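Written out below as structure tokens is the structure these notes cover.
What follows is calculated from the coordinates using simple rules that are stated; it is not laboratory data. Since the structure is predicted, the reported quantities are computational estimates derived from the model, not experimental observations. All Cβ positions, glycine included, derive from the backbone under ideal geometry; neighbour counts span all protein chains shown.
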Amino acid sequence: MQGTRAMRMTETTPIVHADVQAMARACADRIEHLARQAQEAGHDFHLALSGGSTPAALYRELAAPERRGHVDWDRVQVFFGDERAVPPDHADSNFRMARETLLDQVPLPAANIHPIQARPDRIEADAAAYEALLRRTLPTGPDGLPRFDLVLLGTGPDGHTASLFPGTPALEERQRLVVPVWVERLESWRISLSYPVLDAARHIMVLVAGSGKVDIVRALFVTHADERRYPIQRIQPSGCVEWHLDRAAARGLEPA
């Protein structure tokens, strides 16, 4: 935002939960609050989902019978932060995971679900099509960019977030909102939201769980690694950021 320094992703103190299930409950409460807030302001709640096992626990919590009536799902628009270049029914598909754990379990109209189509032989066209969808569907923020109400993210041990991986050209993209990403070590294509649209979100929630994330948590919050070393650090949010850790990952907050 012009005239205002964008804050760093790690300027927020992480919220530590006893375990993944406790984190899922707290994050579900928060999402319900943000959805009501958007809807009471007179517009749909625009949500970008993340893939991975930690978000899956959150999605199951949101879909629990005692919860599913807490949100007006008719006024929720669901998007995705990234997708692997696999068919939508593939075991590795983020859409499939979200569909099985959340989307098929709540009264969400099919027209409100916006999956990313990612085909290896049409990867550029599919990324451009999803960007066009965002520009057509999302409200715009003060900077004129499409603005999500909430983006869910995680981070890997290498500091990647969404499908923004270390060493990929996508890290330097500042014009396109959705980019194709070739991940060399995985020998596969992905499609990901890029920094401009992530930066523009009203809220970002980063969910990190498990002992495998201790080192990256320590690098981000304790030793304060070079701010351009890890892709998650390159987000410069104009909105609010929350980090949610389970107790296992939070061991990284302790000095080595």
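What is the order of His70, His33, fewest Cβ neighbours within 10 Å to most? It would help to have the intermediate numbers written out before the result.
Values: His70 16, His33 11.
Lowest count first: His33, His70.
Counting Lys and Arg as +1 and Asp and Glu as -1, what is the net charge of the other residues whose Cβ lies under 13 Å from the Cβ of Val241? Display every interim value, and only then the final one.
Values: positive: Arg8, Arg30, Arg202; negative: Glu11, Asp199, Glu242.
Residues near Val241 contribute 0 overall.
Once you have the Kirkwood Rh of the range 97-141 from its Cα pairs, apply Stokes-Einstein at 37 °C and 0.692 mPa s and quote D in µm²/s.
267 µm²/s
Within a 10 angstrom radius of the beta carbon, how do Phe165, Phe148 rank from fewest other beta carbons to most?
Details: Phe165 22, Phe148 26.
Ordered from fewest to most neighbouring Cβ atoms within 10 Å, Phe165, Phe148 come out as Phe165, Phe148.
Given only helices, namely DSSP H runs of n ≥ 4 each adding -39500 (n - 2.57), what is the per-residue ellipticity at 222 nm of the chain, to the nearest 500 deg cm²/dmol?
Numbers: 7 runs with 68 residues, N = 256.
About -7500 deg cm²/dmol.
Tell me the Kirkwood hydrodynamic radius of the range 85-163 in angstroms, computed as one over the mean inverse distance between distinct C-alpha pairs. Please report the intermediate quantities before stating the final value.
Details: mean 1/r = 0.0682 Å⁻¹.
Answer for the range 85-163: a Kirkwood hydrodynamic radius of 14.7 Å.
Could you tell me the calculated FRET efficiency between Arg136 and Glu66, based on Cβ-Cβ distance and R0 = 41 angstrom, to the nearest 0.05?
Numbers: r = 36 Å, r/R0 = 0.87.
After rounding, the FRET efficiency stands at 0.70.
Assuming R0 = 25 Å, what is the FRET efficiency of Asp89 and Glu172, from their Cβ-Cβ distance, to the nearest 0.05? Kindly include the intermediate steps, with their values, before the conclusion.
Details: r = 33 Å, r/R0 = 1.34.
The computed FRET efficiency comes out at 0.15.
Run the simple label-point estimate for Asp104 and Asp226 please: 7 Å along Cα→C-beta, distance reported in nm.
So the two model labels end up 4.6 nm from each other.
What number do you get for the range 1-113 when its Cα radius of gyration is normalised by 2.2 N^0.38 Å, N = residues? Mind showing how you got there, number by number?
On the way: Rg = 15.4 Å, N = 113, 2.2 N^0.38 = 13.3 Å.
Ratio of Cα Rg to 2.2 N^0.38 Å: 1.16.
Pop the C-beta distance of Thr12 and Trp182 into the FRET formula with R0 = 30 Å and round what comes out to the nearest 0.05. Don't jump to the answer; show the numbers that get you there.
On the way: r = 32 Å, r/R0 = 1.05.
Result of the calculation: an efficiency of 0.40.
With viscosity set to 1.002 mPa s and temperature to 20 °C, compute the Stokes-Einstein D of the range 13-253, Rh being the Kirkwood radius across alpha carbon pairs; µm²/s, no decimals. Before the final figure, lay out the partial values.
Details: Rh = 18.0 Å.
The estimated diffusion coefficient comes to 119 µm²/s.
Which of His46, His203 comes first, and how do the rest follow, when ranked by fewest Cβ neighbours within 10 Å? Kindly include the intermediate steps, with their values, before the conclusion.
Working: His46 24, His203 20.
Exposure proxy ranking, most exposed first: His203, His46.
Please compute the net charge surrounding Arg135, taking Lys and Arg as +1 and Asp and Glu as -1 over other residues with Cβ under 12 Å from its Cβ. Display every interim value, and only then the final one.
Details: positive: Arg136, Arg147, Arg176; negative: Glu131.
In short, +2.
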